[in-house]
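Accompanying notes for the structure given below.
The values are calculated or read from the model by the stated rules, or taken from the named source; none is laboratory data. Keep in mind that what you see is a predicted model, and the values were worked out from it rather than measured. Note that we place each Cβ from the backbone using ideal geometry, even for glycine, and neighbour counts take in every protein chain shown. These accessible areas exclude ligands, DNA and RNA; they are computed on the full protein's heavy atoms, side chains included. Shrake-Rupley method; radii C 1.70, N 1.55, O 1.52, S 1.80 Å.
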Amino acid sequence: MPTEVKIPSLGESITSGILATWHISDGDVVASGQLLYELETDKITSEGLAEAGGRITLKIAEGDEVDIGQIVATIDESASESTSSKAGDGAGGSPAPAPEVAEQPMVVPSAVQSTSAPPAQSKTTPPAASEARPQRAPTLPPAVRRLAAETGIDPSMVVGTGKDGRVTKSDMMAAAKAKKESPAAPAPPAPVENGTISTVESMPAAPPPVTAGEQAQTAPRTQRKPMTPLRRRIAQRLVEAQQTAAILTTFNEADMSAIMALRKRHQEAFVKRHEVKLGFMSFFVKAVVHALKAVPQVNAQIEGTEIIENFYYDIGVAISSDRGLLVPVLRNCDRSSFAEIEQMIIAYARKAREGGIKIGDLQGGTFTITNGGIFGSMLSTPILNPPQSGILGMHNINERAVVLAGEIVIRPMMYLALSYDHRIVDGREAVTFLIKIKEAIEDPSVILFEL
């Protein structure tokens, strides 16, 4: 009986998803543990692996919505067994059939063809493992194969950013864009015939230039595509936050001089000791923990008619990915060192890039930090991440003229924005919270000595 490939349970709140990519084709022989598909849900993207080896039959097409527990393919294990037995028969005396994966014959140079061929292998000698069971080249996702056919780009020449170095759709699109933007290669010189250059008539005529008006007529004006489950969930939660919470935002600014000088002074030793760079985010995480301890109302949340007070500090950090915005949670930040916080952030960023974020990575945060400054944002009003009661927005660092001790000086300044739920946090607490963060950023010794 064939082995059924089912969509596994990914959490109580996840009931369906989109089968985004098949990494194999219908009828392929797969091995146990081989990557089969990528599933996009409203929270995470997960990968499905083969539980058995054999010939696979696909029952769902790419882009179809599937339910948890639904059968998306079957694996005939007898096909794998028959393949193994045929390889064994070939070793025992009957010549094994040529492997089907060799689609193109190997071209042998004429100089090699003229030499004598090596003696044929004895029938009683068992063939090498690589001959009995040829390794199949990694199967490219259908989206990558389609782009390769459309653009003429060889995927093997593209640097993959996916898991285990796999080439993804975004890699192919970036390569195609780079190909379009690169200057056209110069025309090859005209061939020389009997010491003279051949006439221009022997060269193919260049196509007539396309006018801007013709390009406008041929280019599509609109494109319609369905929202991914993750994008739908993001939209739903943003609207839910706006409709259920009384969101208010207060602003302040922080002089980044002290942190920048501290990082510059200790960066080399920090990297050598911890093998990770000392970034701004670890300072802000520590500053948020310091402020949450001083103003615990911001670390609480409303559930029905009750207020839940949290005495732990799990801070969510917003990470942008090609699939949308994700907010993985850094656990126990009050007990974590600067190096541990930086390492957690880097690990989550890598998992988000490779689609490896799990549902448990996104749950249980008490407060969120989002950094729009990496995209150049000067000022924004971040939206709450329900059911949390506060979110801190970091912004771009710009040198500005400020008055310090009666003198106008130039300082690297950052605007800070705190959005909070006014149902549980009053203006006094919100302003106090933001001032605590400002003080900790402008004088890091407040964090280091827990003042």
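In the range 422-446, the residue that is least open to solvent (accessible area, probe 1.4 Å) out of those that are closer than 13 Å to Met256 by Cβ and not in a helix (DSSP H, G or I) is Pro444.
Taking the criterion of being among the hydrophobic types (A, V, I, L, M, F, W, C) and touching a Lys or Arg at 6+ places or on another chain (Cβ under 9 Å), the residues of the range 349-382 that qualify are Ala352, Ile357, Ile359, Leu362. Considering the range 368-381, the residues that are in contact with a Gly (Cβ under 7 Å, 6 or more places away or on another chain) and hydroxyl-bearing (Ser, Thr, Tyr) include one that is least open to solvent (accessible area, probe 1.4 Å), namely Thr368. Reported count of residues in the range 340-360, each being in contact (Cβ under 8 Å) with a residue 40 or more places away in the chain, surrounded by 17 or more Cβ atoms within 10 Å (Cβ to Cβ) and under 20 Å from Gly165 (Cα atoms), is 4. Is one or more of the residues making up the range 321-337 free of Cβ contacts under 8 Å to residues at least 24 places away in the same chain, touching a strand residue (DSSP E or B) at 6+ places or on another chain (Cβ under 7 Å) and of a type outside the set (S, T, N, Q)? No, the range 321-337 contains no residue that is free of Cβ contacts under 8 Å to residues at least 24 places away in the same chain, touching a strand residue (DSSP E or B) at 6+ places or on another chain (Cβ under 7 Å) and of a type outside the set (S, T, N, Q).
Screening the candidates Thr381, Thr370 for the property of being under 30 Å from Gly165 (Cα atoms), touching a strand residue (DSSP E or B) at 6+ places or on another chain (Cβ under 6 Å) and either of a type in the set (Ser, Thr, Tyr) or part of a loop (DSSP other than H, G, I, E, B) (or both) yields one hit, Thr370.
Scanning the range 265-288 for residues that are part of a helix (DSSP H, G or I), of a type in the set (D, E, K, R) and open to solvent by 60 Å² or more (accessible area, probe 1.4 Å) gives Arg265, Glu268, Lys272, Arg273. Can you name the residue in the range 298-310 that is open to solvent by less than 70 Å² (accessible area, probe 1.4 Å) and in contact (Cβ under 8 Å) with a residue 24 or more places away in the chain and is also farthest from Val446 (Cα to Cα) among such residues? Once the filter is applied, the top-ranked residue is Ile302. When Gly365, Gly316 are checked against the criterion of being of a type in the set (Gly, Ala, Ser), buried (at least 20 other Cβ atoms within 10 Å of the Cβ) and part of a strand (DSSP E or B), a single residue qualifies: Gly316.
In the range 143-189, the qualifying residues are those that are touching a strand residue (DSSP E or B) at 6+ places or on another chain (Cβ under 9 Å) and at pLDDT below 70, and the one that is nearest to Lys351 (Cα to Cα) is Lys163.
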